[in-house]
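The values are calculated or read from the model by the stated rules, or taken from the named source; none is laboratory data. Keep in mind that this is a model prediction, so the values were computed, not measured. Virtual Cβ from ideal backbone geometry, glycine too; neighbours counted across all protein chains shown.
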Amino acid sequence: MNEELSTTSMARTKARTEKQRNDLITRLNRVEGQVRGIKGMIEKDVYCDDILHQISAVQAALKSVSKLVLQSHMQSCLVERIRSGDEDVVDEILNTIGKML
């Protein structure tokens with residue numbers, strides 16, 4: 001990761017409610033467990049189709065987490081920046097959505 005991106009990412013924060021934080025962490029813990037399960041399936045030479053189904057489930061779970069983070073971002077971070085007159089926010093969200101698609 002380049003130095004500029006690392007510094008920028010660390011400087012910005014998002015205040016999440018306890019419920020939001022716990023929900024995201026719970027979902028990510030579930031994804032982490034699913035990935036470990038896939039690793040175990042590969043180590044046990046499980047049939048490819050079964051592994052692919054589990055990979056698909058992980059991708060769907062991560063997509064769900066992404067949607068929650070994006071929704072929160074748009075409802076709070078972006079609204080605050082628009083209200084403060086920050087016009088660069090439009091380019092940022094277009095770039096973010098482009099990466100997600």
Filtering region 13-65 down to residues that are closer than 24 Å to residue 76 by Cα and of a type in the set (Ser, Thr, Tyr) yields 13, 17, 26, 64
Considering every residue within region 60-68, establish whether at least one is among the basic types (Lys, Arg) and outside any helix (DSSP H, G or I). no
Pair list, Cβ < 7 Å and 6+ apart or interchain, from region 59-79 residues that are at pLDDT 95 or above to residues that are of a type in the set (Lys, Arg): 61/27; 61/30; 64/27; 65/27
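From the list 76, 56, which one is more than 24 Å from residue 30 (Cα to Cα), part of a helix (DSSP H, G or I), over 11 Å from the mean Cα position of the chain (by Cα) and polar (S, T, N, Q)?
Details: 56 fails: more than 24 Å from residue 30 (Cα to Cα).
That would be 76, the only listed residue that is more than 24 Å from residue 30 (Cα to Cα), part of a helix (DSSP H, G or I), over 11 Å from the mean Cα position of the chain (by Cα) and polar (S, T, N, Q).
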Residue that is surrounded by the most Cβ atoms within 10 Å (Cβ to Cβ) [pool: residues in region 79-101 that are among the polar types (S, T, N, Q) and assigned to a helix (DSSP H, G or I)]: 96
Meets criteria (surrounded by 14 or more Cβ atoms within 10 Å (Cβ to Cβ) and closer than 18 Å to residue 32 by Cβ) for residue 58: yes
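Across region 8-53, what is the total count of residues that are outside any helix (DSSP H, G or I), more than 19 Å from the chain's Cα centre (by Cα) and surrounded by 10 or more Cβ atoms within 10 Å (Cβ to Cβ)?
Of the residues in region 8-53, the ones outside any helix (DSSP H, G or I) are 12-17, 44-47.
Those still in the list that are more than 19 Å from the chain's Cα centre (by Cα) too: 44-47.
Next, only the ones that are surrounded by 10 or more Cβ atoms within 10 Å (Cβ to Cβ) stay: 46.
Looking only at that region, the number is 1.
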